[in-house]
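To start, the structure under review is shown below, and the notes come after it.
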There are 2 protein chains.
Amino acid sequence: MEAARKTTPEPRDGGSGDNQMRYWRLDKRPRVEIEDDCLSLQTTPIPVLAEGEVLMRVIYLSLDATNRLWMEEIENMYMPAVPLNTPMQGFVLAEVAESRNPAFKPGQIAMGLGHWASHVVTDGAGWMALDRPEGVPLDLAFGVLAIAGPTAWFGMMEIGRPKPGDTVVVSAAAGAAGSCAAQIARLKGCRVIGIAGGADKCAWLKDEAKLDAVIDYKAENVAEALTRIAPDGIDILYENVGGDIMDASLANMKLGGTVVVCGLISTYNGAMGGDAGTGPKLFHNVILKRLRIQGFVVLDFMDRYGEAWAELIPWLRSGELKFRLDVADGLDKAVDALRSMYRSGNSGKLMVKIGEER
Amino acid sequence: MEAARKTTPEPRDGGSGDNQMRYWRLDKRPRVEIEDDCLSLQTTPIPVLAEGEVLMRVIYLSLDATNRLWMEEIENMYMPAVPLNTPMQGFVLAEVAESRNPAFKPGQIAMGLGHWASHVVTDGAGWMALDRPEGVPLDLAFGVLAIAGPTAWFGMMEIGRPKPGDTVVVSAAAGAAGSCAAQIARLKGCRVIGIAGGADKCAWLKDEAKLDAVIDYKAENVAEALTRIAPDGIDILYENVGGDIMDASLANMKLGGTVVVCGLISTYNGAMGGDAGTGPKLFHNVILKRLRIQGFVVLDFMDRYGEAWAELIPWLRSGELKFRLDVADGLDKAVDALRSMYRSGNSGKLMVKIGEER
């Protein structure tokens, strides 16, 4: 992560003043929700590039559940909190607008940890220049390949290690990482059960993502549904939610099962920094069922993204991997769009379109 | 476990009436503590053996934290609850008193899942006849080799997988499994920190078990002590306790660390069957620190006991592995002795001496 952090210098003065950039500044750390006074939209001149620097014109901003955590000072967090009074950080897809760095040529597409901003100045560390993937629209490629797809792929393949015929449960299965994880398991020959909230998401998982079974947690008792649908138990749980939803699955694990802990979104609003957090009530099943419960952070696998892409890109191209984008239009919408995620208000991968594709 | 269960037929009538056996009968399932009306001492005639059966005269009964769980109907438990109105079950060391089974000869020592009883009639399934281990007293051999030693060995070696130089933390380190686990890690070249309650236990861990550091949870803040003693973090946590003690260690794990979940004794009195259980508050560290948290039950390794014994017996003989026995005298004492364990009242492996060694 150190390398990635170097890619997010603050906006600074020094530009001509003719060219302005806009960005969301983190003014205050959220307490529970992301309150209205936490972020504000700012305008500043685009600075003159120093030797080695690149000016990225942002096209898409990825919104991810973990962004909420970056706003807080959390002990042992996998990266330092975004400093107050600096631009909010996020993964972005951008076009190289100007470059004084030989690794990036104007007009190229690049991806990296940038800002909630119209432009990012970076020394290029932690950024990758990309070929436009043939046969896959740019928004879809970014939506899948930046975070969600590799998160799903490494979590499922490296930690879950599915075997054909395994019963796999994915929570938040209609979410970005969840929908990829569920379909990866399906493409690897597993029987896949998705947990999601609402008829629309469940219908998409059944009809488009072709899961074997779907449980609507808003309409059904999840533990009972799992007992009915997976009477022999769950081999692999790919967990995105935590809390009661996770307990429902823990109650139904097979002896020797695996729990891939990708996210615990039900606990992210305020609980993680303090002592209000509660672990799974059925934690003792780790013994009774001899479980392996293992967490990961996709950033650890950044130097191996190519392995994930080698499977994901052909699946996207062939249409075997379906993916829903939920694109907010314009930088102004970023905060509201992220908030909607914690209310399950999004249907598909949340992104913000900030600039035009060219 | 199925095989082991076959070894515990109920006492039945049919003996001459001259020879009586005594046993603790489970009359009622405990609610929270093991209340006074849960078990009662019974006397019954020793039955005449059927073909294939063996009469075991019990010498030692092992008391283990998990015994409390066997008294309750717990969903997904690793073995069925002890049926009401039958003898309470436990691991015992016995002498073959009579045999109509060619695998067991009168006078031989044997070990298996038996009863809290003076005698056990079994078909021999799940029992092992033993050679008296040379140079190791029988009570010590039973105390280490029946449950505690293999539990420690398989948990540490198969799940923890220590490397020389690793920082290893063991909770309930003065307990039976804990003291073995801590010393196994030490003998494998790790730096070992034990957590225990009270000056006596801590002194024993330091002076006799030769741990590198000891934390008295009754006298110190465990999380702060761990931060001070293991500033670079914990590679392997061997957890016997759960609750706040486990959280103190979870706060101090190294990135990519391993948590071996051997027991969660702080949660056993009443919480496991209901919904009163709470998992570790710092469960989200499974993601932030990319932990592997894995549980096990030693009974799964019964057919591999020899691997553990091959290291444990020489260590016992040479004195490199120290072990404290806490032996209650007489079957009458069994219930009170088990209760003392949940109050940390024992100092060393709890056993009940039921019959004489000959």
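Could you pull out every one of the aspartates and glutamates with an alpha carbon less than 12 Å from that of A:LYS206, ignoring same-chain neighbours closer than 8 positions?
Cα-Cα hits under 12 Å: A:ASP216.
Enter the accessible area per residue of segment A:28-174 (Å², integer; probe 1.4 Å; all protein chains in place).
I get 33 Å² per residue for this part.
Of all accessible surface on chain A at a 1.4 Å probe, what whole percent is carbon and sulfur?
49 percent
List the distances, in nm and shortest first, from the label point of A:THR278 to the matching label points in every other copy, placing each point 7 Å from Cα along the Cα-to-Cβ direction.
0.7
Relative to a virtual label point 7 Å from the Cα of A:GLU134 in the Cα→beta-carbon direction, which members of segment A:313-339 show backbone nitrogen distances below 19 Å?
Answer for this model: A:313-320.
Using a 1.4 Å probe on the heavy atoms of the protein chains only, list every residue of segment B:287-317 that has 10 Å² or more less accessible area in the complete assembly than in its chain alone.
Correct list: B:ILE287, B:LEU288, B:LYS289, B:ARG290, B:LEU291, B:ARG292, B:ILE293, B:GLN294, B:GLY295, B:PHE296, B:VAL297, B:ASP300.
Mean-square fluctuation check for chain B, GNM, Cα pairs under 10 Å: which of B:GLU95, B:GLU307, B:GLU239 is largest?
Top of the fluctuation ranking is B:GLU307.
Find the Rg to Rh ratio for the protein assembly as shown, where Rh is the Kirkwood radius over alpha-carbon pairs and Rg uses the same atoms.
Ratio of gyration radius to Kirkwood radius for the protein assembly as shown: 1.06.
Please give the total accessible area that chains B and A bury against each other, computed with a 1.4 Å probe and expressed in Å² to the nearest 100.
2900 Å²
Assuming R0 = 41 Å, can you tell me the calculated FRET efficiency for the pair B:VAL48 and B:ARG343, based on Cβ-Cβ distance, to the nearest 0.05?
Working from the Cβ atoms, E equals 0.45.
For chain B, what is the mean residue ellipticity at 222 nm derived from helices alone (per DSSP H run of n ≥ 4: -39500 (n - 2.57); sum divided by total residues; nearest 500 deg cm²/dmol)?
-6000 deg cm²/dmol
List the aspartates and glutamates whose alpha-carbon lies under 15 Å from that of B:LYS289, not counting same-chain residues fewer than 8 positions away?
Straight-line reach from B:LYS289, under 15 Å: A:GLU75, A:ASP300, B:ASP232, B:ASP235, B:ASP247.
When chain A is modelled as a GNM with alpha-carbon springs shorter than 10 Å, which of A:GLY90, A:GLY263, A:GLY330 fluctuates the most?
Answer for the Gaussian network model of chain A: A:GLY330.
Only protein chains counted, 1.4 angstrom probe. Which residues of segment A:43-86 are at least 50 Å² less accessible in the assembly than when their chain is isolated?
A:ASN76
Please label the shape of segment A:146-301 as rounded, prolate or oblate, based on the square roots a ≥ b ≥ c of the eigenvalues of the alpha-carbon gyration tensor (a/c under 1.5 means rounded; beyond that, a/b larger than b/c means prolate, else oblate).
rounded
Would you look at the GNM of chain B, springs on alpha carbons closer than 10 Å, and say which of B:THR151, B:THR122, B:THR66 moves the most?
With Cα springs under 10 Å in chain B, the top fluctuation among B:THR151, B:THR122, B:THR66 is at B:THR66.
For A:ASP37 and A:ASP329 in the same chain, what is the full-extension length gain: residue separation times 0.36 nm, less their Cα-Cα distance, in nm?
Length gained, A:ASP37 through A:ASP329: 102.9 nm.
Taking segment A:203-248, which chymotrypsin sites (Phe, Trp or Tyr not before Pro) meet the DSSP loop condition and have no more than 12 other C-beta atoms within 10 Å?
When the chymotrypsin sites (Phe, Trp or Tyr not before Pro) of segment A:203-248 are filtered for loop state and at most 12 Cβ neighbours within 10 Å, nothing remains.
The values are calculated or read from the model by the stated rules, or taken from the named source; none is laboratory data. Quick caveat, the model's predicted, so the values are computed rather than measured. All Cβ positions, glycine included, derive from the backbone under ideal geometry; neighbour counts span all protein chains shown. Calculation scope for accessible area: heavy atoms of the full protein, side chains included, ligands and nucleic acids excluded. Shrake-Rupley method; radii C 1.70, N 1.55, O 1.52, S 1.80 Å.
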